[in-house]
Every structure is written in C-alpha cells, then in structure tokens.
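Please read the structure below before turning to the comments.
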Amino acid sequence: MKKNVQFLILSMIISGILSGCQMDLPKSEAKLKNGQMDHYSSIQKEIVPVFGQNKIDFPSLFVQYETKGNNVFVECILTGISFREADHSKQKIGKMIVWIDGQKKQEVTSAAFIIKGLSPGNHKLKLEVVNLNNESYGLMKEFSVNISK
C-alpha cells in the first residue's frame with residue numbers, strides 16, 4: 001500500500017511538471033484576412049536557399065582587394081568556373097585577365113594574387129573571367145585604387 005501511495009505521488013508530480021512545460025505561444029496581434037496565411041505558406045515552398053542552387057549553372061564573381069604601398073592584393077571568390085585545367089568536374093575552365101587603365105597587363109589562374117608596382121595616382125582596374133580561348137564568360141569587376149606617393 002505504501003508503494004502505491006509513493007507511486008501515485010510520483011506520477012502526479014511528473015504529470016504536473018510535464019503539463020506545466022508546454023509551450024505558451026503568444027497570440028498574433030495582426031489580423032489576417034481569409035486565405036492570407038495560405039498565400040504565405042505557398043510562397044515559403046518556392047523559396048530556395050542560396051546554398052541549394054546549382055553553382056555550375058550560375059557562375060558568380062566576388063572581389064575583395066587591399067592596397068599596400070604600390071601593390072594591390074586581390075582575393076576573388078569565383079563559383080561555377082575553375083582555374084585548373086585538370087579539373088574533370090562539370091565546371092567550366094577559365095582564367096582571369098587583369099586590365100589596368102584600359103591595358104591588358106596579365107593573365108591569372110589563381111583566386112588570390114598581387115598586382116605589383118603600380119605608379120602613384122588613381123588607377124582603374126578591371127578583372128575579366130574568360131575561357132582558355134579568351135572568350136568572356138560575362139563575369140567582370142571594375143574598381144579604382146589610389147596609390148599614394
């Protein structure tokens with residue numbers, strides 16, 4: 001009998017704890033029109049996260065740079081195109097052409113590189129991603145740098 005009483009008390013305590021730990025969701029203060037919630041839930045199904053996109057179909061170029069003295073340190077994030085000719089994935093193969101003040105200066109096959117020895121003054125830089133036959137992929141970034149004396 002004593003064990004039954006202890007079991008009953010213990011089960012009442014546990015059920016009290018469990019019933020007290022339910023989520024209390026706040027009530028919405030916005031008044032929705034009929035069918036408005038269904039509209040939003042259908043939109044949510046069509047949203048595709050950025051990381052879920054096929055990067056091969058959507059090549060992109062992001063450029064970050066920093067000037068130190070008369071050098072420019074450039075770092076690129078390039079998706080959908082590889083600089084490695086031995087890359088056997090489905091990615092496109094390419095390289096980057098560096099233009100300084102409208103003149104082609106060098107070809108680069110890495111995502112990070114240094115443009116060395118710029119003269120003092122303002123310079124317009126353009127980075128263009130091309131295939132191995134120098135045909136543009138349509139990805140380019142232009143920016144200006146100021147080299148101080």
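The values are calculated or read from the model by the stated rules, or taken from the named source; none is laboratory data. Values in this document were obtained by computation on a predicted structure and should not be read as measured data. Using ideal geometry, Cβ is built from the backbone for each residue, glycine included, and neighbour counts are taken over all protein chains shown.
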Can you tell me which residue in region 127-149 is surrounded by the fewest Cβ atoms within 10 Å (Cβ to Cβ), limited to those that are under 18 Å from Lys92 (Cβ atoms) and of a type in the set (S, T, N, Q)?
Asn133
Residues located in region 74-104, provided they are exposed (fewer than 14 other Cβ atoms within 10 Å of the Cβ) and in a strand (DSSP E or B):
Glu75, Ile77, Gln103, Lys104
Can you run down the residue pairs with Cβ atoms below 8 Å, 6 or more apart or on separate chains, where the first is in region 90-112 and at positive phi and in contact (Cβ under 8 Å) with a residue 12 or more places away in the chain and the partner is part of a strand (DSSP E or B) and among the charged types (D, E, K, R)?
Asp101/Lys124; Gly102/Lys124
From the set of residues in region 125-137 that are in contact (Cβ under 8 Å) with a residue 40 or more places away in the chain and closer than 17 Å to Cys76 by Cα, which is farthest from the chain's Cα centre (by Cα)?
Leu125
What about Asn122, is it among the polar types (S, T, N, Q), free of Cβ contacts under 8 Å to residues at least 60 places away in the same chain, closer than 18 Å to Phe83 by Cβ and surrounded by fewer than 12 Cβ atoms within 10 Å (Cβ to Cβ)?
no
When (1) within 16 Å of Val145 (Cα to Cα); (2) at pLDDT below 95; (3) not small (Gly, Ala, Ser) are applied to Thr79, the one that fails is (1)
